1. For the range 33-170, state the average projected area of the convex hull of the C-alpha atoms over all orientations, rounded to one decimal in nm².
2. Pop a pseudo-label 7 angstrom from the Cα along the beta-carbon direction at both Ile61 and Arg19 and give the gap in nm to one decimal.
3. State the antiparallel share, in %, of DSSP beta bridges confined to the range 163-269, rounding to the nearest 5.
4. Could you order the peptides 41-51, 107-117, 271-281 from most to least packed, using the average number of other C-beta atoms within 10 Å per residue?
5. Could you work out the relative contact order of the chain? I mean the mean sequence separation of Cα pairs under 8 Å and 6+ apart, divided by the number of residues, in percent.
6. Using 32 Å as the Cα-Cα cut-off, could you pick out the over-long pairs in Lys107/Lys283; Lys97/Lys211; Lys97/Lys261; Lys162/Lys211; Lys126/Lys255?
7. Taking only C-alpha pairs under 8 Å that are 6+ residues apart, what is the relative contact order of the range 3-91 in percent?
8. In whole Å, what three semi-axes, largest first, describe the equivalent ellipsoid of the chain built from its Cα gyration tensor (square root of 5 times each eigenvalue)?
Amino acid sequence: MKRSLLPLNALRAFDAAARHMSFKMAADDLAVTPAAISQQIRSLEDFLGVELFRRTNRSLILTEAAQLSLAPLKDAFEHMEAAVDILTDSKKSNVLKVSVSPSFASKWLVPKLASFYEMRPDAIVKIDATMHLTDFKASDTDIAIRYGQGKYPGLFVEEILKETIFPVCSPDLLKDCSIGTTACSVLRHTLIHDDSSIEDASAPNWAMWLKAAGVEAPDGMPALHFNSNALAIEAAVAGRGIALARSAIAEEDMKAGRLIKPFGEAVPVDFAHYIVCPEDKLKNERVIEFIEWMRRETAPEQSTEHDFLPAKSHTPLHVVSA
């Protein structure tokens, strides 16, 4: 018999009715009516030319032929379910869920993702833009990119992008040449603050940069405050003042000429961007590919000595233990 002719719905109804020995319970199992189950059974009996049930007033009795068919029919459905699971898992393997801060997502990751899709056009990247640390045990997140000091116990941790901080502003803000471009000149403008890491006293801020630059800020300076570094950068692009930028977050706007950094030198900080994930996620080829891609995107252009993880390697480079 050709596979295309198999009455799969009727066979499913028969299987359910035989397991429960009840059309009503089979109907509940398959979310249909008992009449629909009865009709499917009759159509299957007509199709096969074989009686499957002997119907009495109060019960169903399986015929001998029906009893002999149950085991192979059960195996057939289990094999079909396994095949569907394989196909579903195959689709899921292309999905990569990445947890990342909103600023890094909008200003660095999203503008560069096109090159990842060039490498893996069948990939499905899901961005979870959040400031909250990822609970890998309670979520389906595959990998996280976090800005901090790299203290993520019990996880695979790799520093992927060092940063410096420096003041930036719109070129239009400095059209008046008398304003000056020395470190002290920042005090003549509104300072734009990023409060997204305000709970972490070690996070880079204006007080740190001014101290490193040897500049003492007077009290009561005009200021704008945002809870996102990306929003602080956008305010600077709009000419609302001077923002203290992270090098990675300001990169695209500086390349496009929307921002300049005329006030003093960049100051290195202890914070950096880290790739973070459970060790067992390194068995996922998509995770390995994403890590390799991140390394290529963050490596200095002139460097050719970076040690990339082979696509099949499951060995982490650095694990921080609890």
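1. On the way: hull surface 68.5 nm².
Mean projected area for the range 33-170: 17.1 nm², to one decimal.
2. 2.5 nm
3. Working: 7 of 13 bridges.
Percent antiparallel among DSSP bridges in the range 163-269 is about 55.
4. Values: 41-51: 14.2, 107-117: 16.3, 271-281: 19.9.
Descending mean neighbour count gives 271-281, 107-117, 41-51.
5. Values: 457 pairs, mean separation 68.3, N = 322.
Across the chain, relative contact order equals 21 percent.
6. Details: Lys107/Lys283 29 Å; Lys97/Lys211 39 Å; Lys97/Lys261 34 Å; Lys162/Lys211 21 Å; Lys126/Lys255 27 Å.
The pairs that break the limit, which is 32 Å between Cα atoms, are Lys97/Lys211; Lys97/Lys261.
7. Values: 64 pairs, mean separation 19.8, N = 89.
Worked out over the range 3-91, it gives 22 percent.
8. Working: eigenvalues 835, 89, 60 Å².
Working through the eigenvalues yields semi-axes of 65, 21, 17 Å.
Rule-based calculations on the coordinates, nothing more; no lab input. Remember, predicted model here, so these are calculated numbers, not experimental data. Backbone-built Cβ (ideal geometry, glycine too); neighbour counts: all protein chains shown.
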